[in-house]
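Asker: There's a structure below that I have some questions on.
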Amino acid sequence: MEVSKSADLFPEPPEELIERLRRKLPTLQMLPAVATQALEIARQPDCSIAAFSGVVERDLKLAADILKMANSVLYSTGTPVASLHQAVVRLGFHHCRSVIVSSSYDSLTRTLGAEEQASRELLTRHGFLTAIFALRLNHCLHLGFQGEEFTAGLMHDIGRLLLSVAAPETFREADPLDFQETGELEDREREAFGVSHAEFGAWFADQSDLPQPLVAAIRFHHAPKDAGTHRRLAALTAAADELANFVQRPGRSEDEEYDPATNDAVRLLERIGAAGAEDKFAANAAQLIRECPGMAESLMQG
């Protein structure tokens, strides 16, 4: 089952909700022109670093974010890079594409008003934490993603952010942001808004012409088994999301232990071909929970 622009997969949000969002955001297209052009160039098999860098450097934020990522705790080799060309060499085009989408998402969140600031800060922290968990899980489970797992983790809850922008009072009633995420959350959202945060986020990502694997991860991060050919990325996102929820849950004591056996998404990963995923996850979960929050904070602070 391929993910496509299907009413079943991406139900059209109520027109009133779209209009409310349109009044709050400068555009419903997340990617600026330079980002779109850079992504197109990076997809070409004969893409040169010079051509790619020449486009990216026209957007100071994009260029700065690629440099920042290349020098971050995630990719730094101890020797800082000072030029965009060096940063692209270090990251590679796959990872640069993910940084471009992430940078554009960051720009979008910064356009939001003060009314949504508290929700934005909490959800931004949740996105970064999920992204770091996804990146580390990708490595320890040997899943083979090349940056898209970070972007999927970062953006998986974009629908919650957009709902908080479009209808802040209704959002506060429907979603306490307590990271106790059960099926009841999406039921409450559909009753309050006519659409769930996963559906609304996927609709927005689709409108913005984001890559279909990313759209699927956003849409199905609560039901990864339904993500068709993109189940692997959706399941990784779901597994990372559960770890982030555990860390951010209010009232959790520092000595509370996480039970790896409760992570259904990891079981799905093993079932669809990630050999030894459950054992590897069980062996690494405690260390990830200790290390990833600090890495996320470091990346957020730049």
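Asker: Starting at the first residue of the range 76-92, write each ³J(HN,Hα) from the Karplus equation 6.51 cos²θ - 1.76 cosθ + 1.60 with θ = phi - 60°, in whole Hz, x for Gly and Pro.
Answerer: 5, 9, x, 9, x, 9, 10, 10, 4, 4, 5, 5, 5, 4, 5, 7, x
Asker: Taking the Cα centre of the chain as the origin, how large is its charge dipole in debye, to the nearest 20, when only Lys and Arg (+1) and Asp and Glu (-1) carry charge on their Cβ atoms?
Answerer: 1060
Asker: I'd like the Karplus ³J(HN,Hα) series for the range 256-272: coefficients 6.51, -1.76, 1.60, θ = phi - 60°, whole numbers in Hz, and an x wherever there's a Gly or Pro.
Answerer: With the stated coefficients, the range 256-272 comes to 5, 8, 8, 9, x, 5, 7, 8, 5, 5, 5, 4, 5, 4, 5, 5, 9 Hz.
Asker: Could you sort 10-23, 151-164 so that the peptide with the highest average Cβ count within 10 Å comes first and the rest follow in order?
Answerer: Packing order, densest peptide first, comes out as 151-164, 10-23.
Asker: Sticking with this one: Of (i) -0.29, -0.38, -0.48; (ii) -0.38, -0.48, -0.57; (iii) -0.25, -0.33, -0.42, which is the value of log10 I(q)/I(0) by the Debye sum over Cα atoms at q = 0.07, 0.08, 0.09 Å⁻¹ derived from the coordinates here?
Answerer: (iii)
Asker: Output wanted: per-residue J couplings in Hz (rounded whole) for the range 199-210, from phi through Karplus 6.51 cos²θ - 1.76 cosθ + 1.60, θ = phi - 60°, x for Gly and Pro.
Answerer: 5, 5, x, 5, 4, 5, 4, 5, 4, 8, 6, 6
Asker: If we count every other residue with Cβ under 11 angstrom of residue 39's Cβ, Lys/Arg +1 and Asp/Glu -1, where does the sum land?
Answerer: 0
Asker: Output the relative contact order of the chain, whole-number percent, from Cα pairs under 8 angstrom with separation of 6+ residues.
Answerer: Contact order relative to length: 22 percent.
Asker: With just the Cα atoms defining each centre, how far is the range 93-120 from the range 178-194? Give it in Å.
Answerer: 23
Asker: Name the most mobile residue of 182, 36, 237, meaning the one with the largest mean-square fluctuation, in a Gaussian network model of the chain with Cα contacts below 10 Å.
Answerer: Largest GNM mean-square fluctuation: 182.
Asker: Please report the net charge: other residues with Cβ closer than 15 Å to the Cβ of residue 133, K and R +1, D and E -1.
Answerer: Its environment carries a net charge of -3.
Asker: At a temperature of 37 °C and a viscosity of 0.692 mPa s, determine how fast the range 184-226 diffuses translationally according to Stokes-Einstein, using the Kirkwood radius over alpha-carbon pairs as Rh; express D in µm²/s, rounded to the nearest whole number.
Answerer: 312
Throughout, read-outs are computed from the coordinates displayed, never taken from laboratory work. This is a predicted model, so every value here is computed, not measured. We place every Cβ from the backbone using ideal geometry, glycine too, and count neighbours over all the protein chains shown.
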